[in-house]
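Only one structure is covered here, and it is reproduced in the block below.
Values quoted throughout were computed directly from the atomic coordinates according to the rules given, and no laboratory measurement underlies them. No experiment lies behind these values; they were computed from the predicted model shown. Counting neighbours? That spans all protein chains shown, and the Cβs are built from the backbone with ideal geometry, glycine included.
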Amino acid sequence: MVVAYESRSRHTAEAANRIAAAFETYRAQVGMVPLGSLAPERLVATDLLVIGTWVEGLVLAAVGPAKAAMAAIERLPRLAGMPVGIFCTNFNPGGTLKTLQSVIEARDGQVIETAAFGRWRPVTPRSFADGCSWSFRSVGPAR
Ligand SMILES: Cc1cc2nc3c(=O)[nH]c(=O)nc-3n(C[C@H](O)[C@H](O)[C@H](O)COP(=O)(O)O)c2cc1C
């Protein structure tokens, strides 16, 4: 599996690290990569993809996934039913996860778990990884 993240000041990268560490306790083989460097070939041998981004906006207006994350997702190949867990780090995520879900579904990805990790709330990558893992077992690998 691959954990791909878009991070500007390392908080999302840190959440991604902790999510990867949680998956490793299930003996998953986890690769981590900045979302902008996620090469299409890397997805060929991937059965589960996690995508994380920081939230970019004017705090209450125009809030959504970081523009760099949206641009990187637009460049991905068709995901052909790939199970995808999505997360963001934020103050107030607004519709970020919904937007992320719709762009991933538009690329034929199957969103199986979502999480918004607030800066002032305890980050719980473990429960996110648990949720991904649970759903992954019920939906099975990508077609
Ligand atoms: C230019 C800019 C705009 C931001 N806009 C929002 C926002 O609209 N809503 C929000 O919840 N957080 C916003 N944030 C906060 C970041 O999403 C949050 O601090 C995130 O955890 C940063 O992740 P990173 O350290 O991986 O870059 C903004 C941060 C920056 C730098």
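Conditions tested, residue by residue: (1) over 18 Å from residue 6 (Cα atoms); (2) surrounded by 18 or more Cβ atoms within 10 Å (Cβ to Cβ).
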site: 44; (1), (2): yes, no
site: 54; (1), (2): no, yes
site: 60; (1), (2): yes, no
site: 71; (1), (2): no, no
site: 78; (1), (2): yes, no
site: 89; (1), (2): no, yes
site: 101; (1), (2): no, no
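Starting from residues that are of a type outside the set (Ser, Thr, Tyr), within 16 Å of the ligand (Cβ to nearest atom) and part of a loop (DSSP other than H, G, I, E, B), keep the ones in the stretch 1-37 and report whichever is nearest to residue 104 (Cα to Cα). Checking each candidate, the answer is 8.
The residues listed here are 76, 97; of these, the one that is away from the ligand (no atom under 16 Å from the Cβ) and either more than 15 Å from residue 131 (Cα to Cα) or hydroxyl-bearing (Ser, Thr, Tyr) (or both) is 76. Within the stretch 17-41, the residues that satisfy the criterion of being buried (at least 19 other Cβ atoms within 10 Å of the Cβ) and either under 16 Å from residue 103 (Cβ atoms) or touching a residue at least 60 places away in the same chain (Cβ under 8 Å) (or both) are 19, 22, 23, 35, 38. Is it true that some residue in the stretch 52-62 is of a type in the set (Ser, Thr, Tyr), more than 15 Å from the chain's Cα centre (by Cα) and within 16 Å of the ligand (Cβ to nearest atom)? Checking the stretch 52-62: not a single residue is of a type in the set (Ser, Thr, Tyr), more than 15 Å from the chain's Cα centre (by Cα) and within 16 Å of the ligand (Cβ to nearest atom).
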